[in-house]
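Every number here is computed from the coordinates shown, using simple stated rules; none is lab data. Being a predicted model, the structure only gives us computed values, none of them experimental. Here the Cβ is made from the backbone with ideal geometry for all residues, glycine too, and neighbour counts use every protein chain on show.
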Amino acid sequence: MLTNVPTDLLRTFVTVVDLGSYTRAAHALGRTQPAVSLQIRRLEELLRTKLLKADGRQVRLTEAGMALGPYARQMLRLNDDIVAHFANESLSGWIKVGLPTDFSNGYLLGAITRFAASHPEVRIEVDSRLSRNLRTELAADRLDLMVGIVPSDDAPFLVNMASITPLWAVAETFEWVPRTDLPLVRHPDPCEYADRMRLALREARKSWKTVLVASDVAGIQAAVVAGLGASALTPATLTSGMRIGRPEEGFPPLAPLKIGLFYKHAHLTKAGQGLAQWLLQQITLAGQGSPS
């Protein structure tokens, strides 16, 4: 017989993880600390595994707890979306949102602008940084939500994600002379795009050299259009003056990457939830190659 996992248990679990302690979670949920501990035990008994472990005054995730995190956050997002849909409430208040410089900055800003136009009582503050720095800001509660590249290792606060395949971007007049090093334009390491370019070239037994490193996507775009070298970009960040490097020219396929939506359920307001739902739709469309 199928087992149903109560969303209230999942919300308690995620709140403890987001806030880092049973005491803070109890205060946020309006419960006593023993009640929060009991709910965590009920969830562990239901799933027949240990999810959290004590580390001084903090709590840490076990391996099973880390595995549960993305499932729990997705279920809570769906639950909250259902409630918000039928509540049909107007949204208001400030939202601090992080957008990556290494993925569709202009496109995502356009999506946020359309959301703000539909909700005039919402005020949005945008922080644009590299994805890894945005994850640090979210963990420190300096952001309400963020969009960024999902790392290959642990990804705390990840709610949902979409797969996007980057493309080789070169200037319209760019030519790669056979058996010469491919000039690369990339972000500073560690960088998921740079890793994918080097891995693809290595597997294809082709050589390369880095000719420019830029921390923002505008710098990468300008260098590519100027013909300085090739780079990996998403479909949404290709601009006029560029074309896609073709396999017959020697450009090997690039591995897809994951673009994720991250936030702490314990801190997200109704306005933040509305923006999160909207951004998730836009990320999904971008992954399908058809951002609106």
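Structure data summary
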read-out	value
For 112, 82, order by how many other beta-carbon atoms lie within 10 Å, fewest first	82, 112
Cα principal axis extents for segment 40-188, largest first, Å	64, 43, 27
Unit charges at the beta carbon, dipole of the chain: most positive-side option, 221, 46, 87	46
Share of Cα-Cα pairs in segment 7-68 lying beyond 16 Å, as whole percent	34
Residues with amide H under 5 Å from that of residue 128, placed H, sequence gap 5 or more	99
Förster-model FRET efficiency, 22 Å R0, residue 175 and residue 199, C-beta, rounded to 0.05	0.40
Computed [θ] at 222 nm, helices only, for the chain once each DSSP H run of length n ≥ 4 contributes -39500 (n - 2.57)	-13500 deg cm²/dmol
Magnitude of the charge dipole, segment 7-68, Cβ model with Lys/Arg +1 and Asp/Glu -1, debye to 20	120
Extension gain (nm, one decimal) between residue 189 and residue 209, 0.36 nm per residue minus Cα-Cα	5.8 nm
Extended-chain gain in nm, criterion 0.36 nm per residue less alpha-carbon gap, residue 63 and residue 94	7.6 nm
Antiparallel DSSP beta bridges within segment 167-255, as percent of all bridges there, nearest 5	50
Amide H within-cut-off set for residue 208, under 5 Å, with H built and near neighbours excluded	182
P(r) tail fraction, the chain - alpha-carbon pairs more than 29 Å apart, %	42
Built amide H within the under 5 Å cut-off of residue 52, gap 5+	62
Cross-link pairs beyond the 22 Å C-alpha cut-off, checked among 53/264; 53/270; 50/96	53/270; 50/96
Part-to-part distance (alpha-carbon centres) for segment 11-37 and segment 157-225, which is given in Å	43
Net length gained if the chain between residue 240 and residue 3 were fully extended (0.36 nm per residue, minus Cα distance)	80.0 nm
Rel. contact order, % - alpha carbon contacts under 8 angstrom, at least six apart, segment 7-68	30
Inter-label distance, nm, simple model (7 Å from Cα along the C-beta direction), residue 222/residue 53	4.9
DSSP-defined beta bridges in the chain - what % are antiparallel, rounded to 5	55
Hydrodynamic radius by Kirkwood, which averages 1/r over all alpha carbon pairs of segment 167-255, in angstrom	12.7
Reachable aspartates and glutamates from residue 258, criterion Cα separation under 15 angstrom, eight or more residues apart if same chain	102, 153, 154, 192, 195
